[in-house]
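Visitor: Please read through the structure below; I'll follow up with questions.
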Amino acid sequence: MSDGFVCLYFLMIFLLCITIITTAMTIQENRLKTEINVRKADQLAMEEAAVLSYIKCALINEHLEDGSQEENGVCFSICRTAHGANVSIGSPYPEVLDITFSSDEKHIYDYDVIRSEEPA
């Protein structure tokens, strides 16, 4: 009778340890995924800021042209439209910005981001 009790007691302790280890590993995995996603979001925001500052400066100087450009290590291509421009960012993360601006007022109203991203 005591042999069965010892085995059952050992099994309960073993399952408890496995549960604690699995929970700790899951928490660590989620923490790492969050850190990766935050770094990627920061990088994307810096890319967008570089492109927007370039376009704002080009609007002020009346020198916005279609074609490929590079600003602060970000390669992008500008294609003007009736109400703004479509900007394709090629590196380091590919995305497309649909920017609405006024050439007369030299003001950027809004922009939409189109990206095909995969979560970490």
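Taken together, the values in this text are just the output of simple stated rules run on the coordinates, not laboratory data. The structure displayed is predicted, hence computed values, not measured ones. Cβ: placed from backbone, ideal geometry, glycine included. Neighbour counts: every protein chain shown.
Visitor: Pop out the ³J(HN,Hα) list for the stretch 73-80 in order, Karplus 6.51 cos²θ - 1.76 cosθ + 1.60 with θ = phi - 60°, rounded to Hz; leave Gly and Pro as x.
Guide: Residue by residue, the stretch 73-80 yields x, 9, 8, 8, 10, 9, 10, 6 Hz.
Visitor: By how many degrees, 0 to 90 and rounded to 10, does the Cα axis of helix 2-60 deviate from the longest principal axis of the chain?
Guide: Value to nearest ten degrees: 10.
Visitor: Direction-averaged shadow area of the convex hull around the Cα atoms of the stretch 3-72, nm²?
Guide: Computing the convex hull of the Cα atoms and averaging its projections yields 6.8 nm².
Visitor: From the helices alone, meaning DSSP H stretches of at least four residues, give me the mean residue ellipticity at 222 nm for the chain, per-run term -39500 (n - 2.57), in deg cm²/dmol to the nearest 500. Write down the numbers at each step before the final one.
Guide: Values: 1 runs with 59 residues, N = 120.
Calculated from helices alone, the mean residue ellipticity at 222 nm is -18500 deg cm²/dmol.
Visitor: Just to check I understand the Karplus step: with θ = phi - 60° and J = 6.51 cos²θ - 1.76 cosθ + 1.60, what whole-Hz values come out for the stretch 87-94, glycine and proline as x?
Guide: Result, ordered by residue: 10, 9, 8, x, 9, x, 10, x Hz.
Visitor: Once the other residues with Cβ under 15 Å from the Cβ of Glu35 are scored (Lys, Arg +1; Asp, Glu -1), what is the net sum?
Guide: Once all neighbours under 15 Å are counted, the net charge is +2.
Visitor: Give me the tail of P(r) for the stretch 60-103 as a percent: Cα-Cα pairs with distance above 13 Å.
Guide: Of the Cα pairs, 55 percent sit more than 13 Å apart.
Visitor: OK, next. Taking springs between alpha-carbon atoms closer than 10 angstrom, which of Tyr109, Tyr93, Tyr54 fluctuates most in the Gaussian network model of the chain?
Guide: Its mean-square fluctuation being the largest, the pick is Tyr109.
Visitor: Within the stretch 24-55, list the residues whose amide N lies under 17 Å from a label point set 7 Å along Cα→Cβ of Glu71.
Guide: 43-55
Visitor: Which log10 I(q)/I(0) values, to two decimals, does the chain give at q = 0.09, 0.10, 0.18, 0.22 Å⁻¹ under the Debye formula with one point per Cα?
Guide: For the chain, the Cα-only Debye profile gives -0.43, -0.48, -0.92, -1.18.
Visitor: Among Thr23, Thr81, Thr34, whose mean-square fluctuation peaks in a Gaussian network model of the chain (Cα, cutoff 10 Å)?
Guide: The residue with the greatest mean-square fluctuation here is Thr23.
Visitor: Right, something else. Fully extended, how many nm does the chain gain between Glu29 and Asp98 (0.36 nm per residue separation, minus their Cα-Cα distance)?
Guide: On the way: separation 69, 0.36 × 69 = 24.84 nm, distance 3.47 nm.
In short, 21.4 nm is gained.
Visitor: GNM, the chain, Cα, under 10 Å: largest mean-square fluctuation among Leu44, Leu52, Leu32?
Guide: Top of the fluctuation ranking is Leu32.
Visitor: What aspartates and glutamates sit close enough to Lys56 to cross-link, taking a C-alpha to C-alpha distance under 18 Å and skipping anything fewer than 8 places away on the same chain?
Guide: Glu47, Glu48, Glu65, Asp66, Glu70, Glu71, Asp98, Asp104, Glu105, Asp110, Asp112
Visitor: So if R0 is 22 Å, what FRET efficiency would Gln43 and Asp110 give, r being the distance between their Cβ atoms, rounded to the nearest 0.05?
Guide: That gives a FRET efficiency of 0.50.
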